[in-house]
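Values quoted throughout were computed directly from the atomic coordinates according to the rules given, and no laboratory measurement underlies them. Bear in mind the structure is a predicted one, so any value in this text is a computation, not a measurement. With ideal geometry, Cβ positions are generated from the backbone for all residues, glycine too; neighbour counts draw on all protein chains shown.
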Amino acid sequence: MKSKLIRTATVAMSLDLLLKGQLDFLNENYNVIAVSGEDNHLLQVKEREKVNTVDISLKREISPIKDLISLVRLFILFKKEKPLIVHSITPKAGLLSMIAAYFARVPVRIHTFTGLVFPSKNRALQQLLITMDRMLCKCATNVYPEGEGVKNDLIQFKITSKPLKVIANGNINGIDLEHFNPENISEASSQKLSTSLGIETNDFVFIFIGRLVADKGINELIAAFSKLSKQKNNIKLLLVGPFEQEIDPISKETLLEIQNNLNIISTGYQEDIRNYLDLAKVLVFPSYREGFPNVVLQAGAMGLPSIVTNINGCNEIIKDNYNGIIIPIKNEITIFDAMQLVLEDKKKLLFLQSNARASIEARFDQQVVWKAILEEYKIVTDNVYK
């Protein structure tokens, strides 16, 4: 009889998008149960991954009463199911799952840090979040940073003294190289999309994919592109992602530029980004902080070099002047310079493009990551029974 493995995330979208295919793979060796608030994403996980799911609502924001209710529900679930492993991702799910699993006496309690939230917060909130992360780690048996940058942050802020190991080369799910493969993209579908967006054959297309918020460097990106588009003809900037003005607003000037600049095309959130990547030449991703950004992996697998900021994850995927360009954060001038460089130096662009997919294939193949996670489960569970 297979042992039970419970995977938790604060919102079901994380289980659906960040762990796509992984739960189905793990289900061959464990009886996997996915836990998060029930919505279309959790239903998608149940159907696609062929795993059991449990609806327990978890709030991203700090909400003492609701958090206590969620904690009790997790504890009851763990006592009932008696899993061998509880493995959480995302901050709130990590804190509540590890505490509940500790008191439910779950043998193996794993949390993966995909990034740290507190470095960008004010001092009072930062101290509270640090305390929460330390409590999470105290209740966990094993702590895994998603990448070397996250590992260094955990050490720097003294979040835990437990051993920290990056699985494989980092990233929690790897990249599906067959799915994100430019050779498998229909030329007709890309042409249809190009026409619908008003992109001409000779246009040079930059692309950003992610939430359109200040924390992703959108203000600086738009300022840099606005300047570039006044100097260069036939360039476009594709913005693929939702606005979140209520959470982390971009400036009014940035919003107006996006609305009024005919060379900026904002598409909103897109379920399948491959055709959008197929239209582009370069990904520009000037984020302030990340854990290990999937979009940089996805762009690389599609043959695109990336202009990224020198932050965790990005600087582990991109080797400067090899498969992309690394620039400082919060600096519209360096964004402009990097975009201008790849636009004008065709030899440089071709070199970066030639290395883009190969660098992802060599280090982040999804099957390699999944097998490494499964092997890690076996190692930690063997230690329990020694």
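Quick one: if the Förster radius is 22 Å, what FRET efficiency do residue 59 and residue 82 give, using the C-beta to C-beta distance and rounding to 0.05?
Using R0 = 22 Å, I get an efficiency of 0.25.
Once phi is turned into θ = phi - 60°, what whole-Hz ³J(HN,Hα) does the Karplus curve with 6.51, -1.76 and 1.60 give for every residue of the stretch 15-31, x standing for Gly and Pro?
These are the phi-based 3J(HN,Hα) values: 5, 6, 8, 6, 10, 4, x, 5, 5, 4, 4, 5, 5, 6, 10, 10, 8 Hz.
Between the stretch 55-108 and the stretch 283-325, how many Å separate their Cα centres?
Measuring centre to centre over Cα atoms gives 33 Å.
I need the per residue convex hull volume for the stretch 184-296, using only the alpha carbons, in cubic angstrom as a whole number.
Spelled out: Cα convex hull of the stretch 184-296, divided by residues, is 105 Å³.
Quickly rank 44-52, 84-92, 184-192 as a protection proxy: mean count of other C-beta atoms within 10 Å, highest first.
84-92, 44-52, 184-192
Once phi is turned into θ = phi - 60°, what whole-Hz ³J(HN,Hα) does the Karplus curve with 6.51, -1.76 and 1.60 give for every residue of the stretch 242-251, x standing for Gly and Pro?
Per residue, the Karplus-derived 3J(HN,Hα) values read x, 6, 9, 5, 6, 9, 8, x, 7, 6 Hz.
Express the Stokes-Einstein translational diffusion coefficient of the stretch 52-178 in µm² s⁻¹, to the nearest whole number, given a Kirkwood radius over alpha-carbon pairs, 4 °C and a viscosity of 1.567 mPa s.
85 µm²/s
Given H placed on each backbone N at 1.01 Å, which residues far from residue 235 in sequence or on other chains put an amide H within less than 5 Å of it?
204
At 0.36 nm per residue, minus the direct Cα-Cα distance, what do residue 138 and residue 262 gain on full extension? Give it in nm, one decimal, please.
Using 0.36 nm per residue and subtracting the Cα-Cα distance, I get 39.4 nm.
Given a 10 angstrom Cα cut-off, can you work out which residue in 358, 168, 101 is the most mobile in a GNM of the chain?
Looking only at 358, 168, 101, the largest GNM fluctuation is found for 358.
Run the numbers for residue 162 and residue 47: contour at 0.36 nm per residue of separation, minus the present Cα-Cα distance, in nm.
Using 0.36 nm per residue and subtracting the Cα-Cα distance, I get 37.8 nm.
At what distance in nm do the modelled label points of residue 127 and residue 271 sit from each other, each positioned 7 Å from its Cα along Cα→Cβ?
The two pseudo-label positions are separated by 4.7 nm.
Given 10 °C and 1.306 mPa s, compute D for the stretch 228-386 with the Stokes-Einstein relation, Rh being the Kirkwood radius over Cα pairs; round to the nearest whole µm²/s.
91 µm²/s
Could you please tell me the mean projected area of the C-alpha convex hull for the chain, averaged over all directions and given in square nanometres to one decimal?
With the hull built on Cα positions only, its mean projection is 19.0 nm².
Work out how much length residue 40 to residue 200 would gain on full extension: take 0.36 nm times their residue separation and subtract the Cα-Cα distance, in nm to one decimal.
54.0 nm
Once Rh for the stretch 225-275 is found with the Kirkwood sum over Cα pairs, what is the Stokes-Einstein diffusion coefficient at 20 °C and 1.002 mPa s, in µm²/s?
It diffuses with D of about 175 µm²/s by this estimate.
Order these peptides, 137-144, 310-317, by their mean beta-carbon neighbour count within 10 angstrom, highest first.
310-317, 137-144
What are the ³J(HN,Hα) couplings of the stretch 201-212, residue after residue, when phi is run through the Karplus curve with 6.51, -1.76, 1.60 and θ = phi - 60°? Round to Hz, x for glycine and proline.
4, 8, 6, 9, 10, 8, 9, 10, 10, x, 6, 8
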